[in-house]
Amino acid sequence: MNAEQLEKTFQDKVDAEIRIEPRDWMPEAYRKTLIRQISQHAHSEIVGMLPEGNWITRAPSLRRKVALLAKVQDEAGHGLYLYSAAETLGVERETLIDEYLYGNAKYSSIFNYPTLNWADIGAIGWLVDGAAIMNQVPLCRCSYGPYARAMVRICKEESFHQRQGYEIMLTLCRGSEAQKAMAQDALNRWWWPSLMMFGPHDSDSPHSEQSMKWKIKRLSNDELRQRFVDVTVEQAHFLGIAIPDPDLRWNEERGHYDFGPINWAEFWDVVKGNGPCNRDRIRARRKAHEEGQWVRDAAMAYAEKRKARQTAAEAVASPTPVATYS
Amino acid sequence: MKKDWPLWEVFIRSKNGLHHKHVGSLHATDAQMAIENARDVYTRRSEGVSLWVVESKYITASSPNQTESLFEPADDKIYRHPTFYSLPDEVKNI
Ligand SMILES: [Fe+2]
Ligand SMILES: [Fe+2]
């Protein structure tokens, strides 16, 4: 088959909802798009452990602490599922990690905001994991099999993350005035960055169309953002705290909430590395990677030594048979 | 000297009576570490009662190019299926 036929067979499969698997033929651009998207996603899961990890030692109770520990551990797991999915596309994990720590690979800009107090842990679970779920559920039907399967596992785990976050918010909102003020303050700071998690407007998102055609993406950035706003506004009402947007109102005609303009200058600034915590985050990740190098080397050396010993022991236990029937 | 940990494929038996099923991969220095890592990465919520790990390089996969030659010959052998054989309705329990 020539390239054109291959491309057609590929697109026909995608259109017929037949999943693409690692060894199947795929256009180079599809492979590259997936490697970029999956690895960015993986980096985001990993770096996402930092803002929340910040509060593990100071969680207000043992119940909160075990939940937060479990959540952060899940995020590590999500990163690993995703690196594993990316590797099926023929790229080495080390290469991906190098691009992230020392190259230009991106991760979700939300994790470049600081967690100033305990209420932020509630807001992150509720809003950030909530937005992540909104993004990730359609990815469970992504055309690339290993990515879709990883997303199924991830989505199953995310709902606990969002619920534990909302529960923290609920507890604060039912607490003292000061606690409720903490919840409101956290919502004020996390609301807009959460809306930015869905990415630029569809009109400014040049790659979206191709990704939709390939069924990597199923819903557009603006559609997902709207869904998120619609469900989250009602959850905020229940908490009794206000979404920090004077333009927010129900639009009867559209059947959706209208909301005010997003500060895209801020978004791009954070993407370019100038958010409040970009430097801290990358410094922390590099430090962990570099200071762990000797451990990885030692573990590898130990495994090799053990293997060599075992081989030698086996050779002694079963020496080359000698001919006994001469 | 920097040497990357090899890649392992992970299979889980979710409960006795079921086959092990492929769930993904991970990196580990040896089989024992692969089992330990698989437990942490893939079974945090009681997903399994048994794990298999095998170094990815030892898996031989059929090529998608062989799909026709390997699997299509089965498509026209309908006589391998019970529905191929028509029996009168009066015959029961068969
Ligand atoms: Fe996650
Ligand atoms: Fe999460």
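The values are calculated or read from the model by the stated rules, or taken from the named source; none is laboratory data. Keep in mind it's a predicted model, so treat the numbers as computed, not measured. Cβ coordinates were reconstructed from backbone atoms using ideal geometry, including for glycine residues, and neighbour counts include every protein chain displayed. Just so you know, the surface numbers come from the protein's heavy atoms only, side chains and all, with ligands and any DNA or RNA stripped out. Shrake-Rupley method; radii C 1.70, N 1.55, O 1.52, S 1.80 Å.
Using only Cα atoms and rounding to the nearest 10 degrees, what angle (0 to 90) does helix A:3-15 make with the longest principal axis of chain A?
60 degrees
Within the set of other residues whose C-beta is less than 12 Å from the C-beta of A:Asp129, count the net charge using Lys and Arg as +1 and Asp and Glu as -1.
-4
What number do you get for chain B when its Cα radius of gyration is normalised by 2.2 N^0.38 Å, N = residues?
The value comes to 1.72.
Using R₀ = 51 Å, calculate the FRET efficiency as 1/(1 + (r/R₀)^6) where r is the Cβ-Cβ separation of B:Leu18 and A:Ser203; round to 0.05.
0.55
For chains B and A, what's the summed buried accessible area, probe 1.4 Å, to the nearest 100 square angstrom?
What B and A bury together is about 2000 Å².
Please name the residues of region A:284-300 whose accessible area, counted over protein heavy atoms with a 1.4 angstrom probe, falls by no less than 10 Å² between the chain alone and the full protein assembly.
Correct list: A:Gln293, A:Arg296, A:Asp297, A:Ala299, A:Met300.
Calculate, for chain B, the solvent-accessible area per residue in square angstrom, rolling a 1.4 angstrom probe over the heavy atoms of the protein chains.
Result: 76 Å² of accessible area for each residue.
If the label point is 7 Å along Cα→Cβ of A:Ala105, which residues in region A:32-73 have backbone nitrogen under 19 Å from it?
Answer for region A:32-73: A:32-51.
For the Cα atoms of chain A, what angle does the longest principal axis make with the long axis of helix A:145-173, in degrees from 0 to 90, nearest 10?
With rounding to tens, the tilt is 40 degrees.
For Cα pairs less than 8 Å apart in space and 6+ apart in sequence, what is the mean separation divided by the residue count of chain B, i.e. the relative contact order in percent? Intermediate results must be reported in sequence, preceding the final value.
Values: 97 pairs, mean separation 25.2, N = 94.
The normalised contact order for chain B reaches 27 percent.
Along the charge dipole of region B:1-58, Cβ charges K/R +1 and D/E -1, which of B:His27, B:Gly48, B:Pro6 sits furthest on the positive end?
Ranked along the dipole, the leading option is B:Gly48.
Between the helical axis of B:31-42 and the dominant principal axis of chain B, each derived from Cα atoms, what acute angle in degrees is found, rounded to the nearest 10?
Its long axis makes an angle of about 70 degrees.
Which entries in A:Lys71/A:Lys156; A:Lys106/A:Lys287; A:Lys156/A:Lys180; A:Lys13/A:Lys106; A:Lys213/B:Lys57 show an alpha-carbon gap greater than 22 Å?
Exceeds cut-off: A:Lys156/A:Lys180; A:Lys13/A:Lys106; A:Lys213/B:Lys57.
Hey, any idea what Rg/Rh is for region A:99-170, computing Rh the Kirkwood way over Cα pairs?
Values: Rg = 14.3 Å, Rh = 13.6 Å.
Value, to two decimals: 1.05.
Carbon-plus-sulfur fraction of the accessible area of chain B, 1.4 Å probe, in percent?
Working: 3880 of 7110 Å².
Roughly 55 percent, rounded to a whole number.
At a 1.4 Å probe, what is the % contribution of carbon and sulfur to the accessible area of chain A?
After summing per-atom areas, the C and S share lands at 57 percent.
Could you check the spin-label model distance between A:Glu290 and A:Val316? Points 7 Å from the Cα along Cα→Cβ, value in nm.
4.4 nm
Can you work out the FRET efficiency for the pair A:Arg141 and B:Arg80, with r the C-beta to C-beta distance and R0 = 51 Å, to the nearest 0.05?
Details: r = 33 Å, r/R0 = 0.65.
Computed FRET efficiency for A:Arg141 and B:Arg80: 0.95.
For region A:122-198, state which trypsin sites (Lys or Arg not before Pro) are in a DSSP loop and have at most 14 other beta carbons lying within 10 Å of their beta carbon.
A:Arg141, A:Arg174
Please compute the per residue accessible area over region A:69-166 with all protein chains in place, 1.4 Å probe, rounded to a whole number of Å².
Dividing the accessible area of region A:69-166 by its residue count gives 31 Å².
In whole Å, largest first, what are the principal axis extents of the Cα atoms in the protein assembly as shown?
Computed over the Cα atoms, the extents are 95, 65, 51 Å.
How high is the FRET efficiency from A:Gln73 to A:Lys213, r the C-beta distance, R0 35 Å, rounded to 0.05?
After rounding to 0.05, the efficiency reads 0.45.
Give the value in nm², to one decimal: projected area of the alpha carbon convex hull of region A:232-326, averaged over all directions.
16.8 nm²
Could you give the size of the charge dipole of the protein assembly as shown about its Cα centre, using +1 on the Cβ of each K and R and -1 on the Cβ of each D and E, expressed in debye and rounded to the nearest 20? Don't skip to the answer; put the middle values down first.
Details: 54 positive and 57 negative charges, 304 e Å.
Its charge dipole is roughly 1460 debye.
Hey, any idea what Rg/Rh is for region A:61-117, computing Rh the Kirkwood way over Cα pairs?
1.09
Have a look at A:Ser159, A:Tyr100, A:Tyr147 and report the one farthest towards the positive end of the charge dipole of region A:96-179, computed about the Cα centre with Cβ charges (Lys/Arg +1, Asp/Glu -1).
After comparing all options, I get A:Tyr147.
Just grab the label-to-label distance for A:Met1 and B:Leu70, each label 7 Å out from Cα along the Cβ direction, in nm (one decimal).
Calculated label separation equals 1.6 nm.
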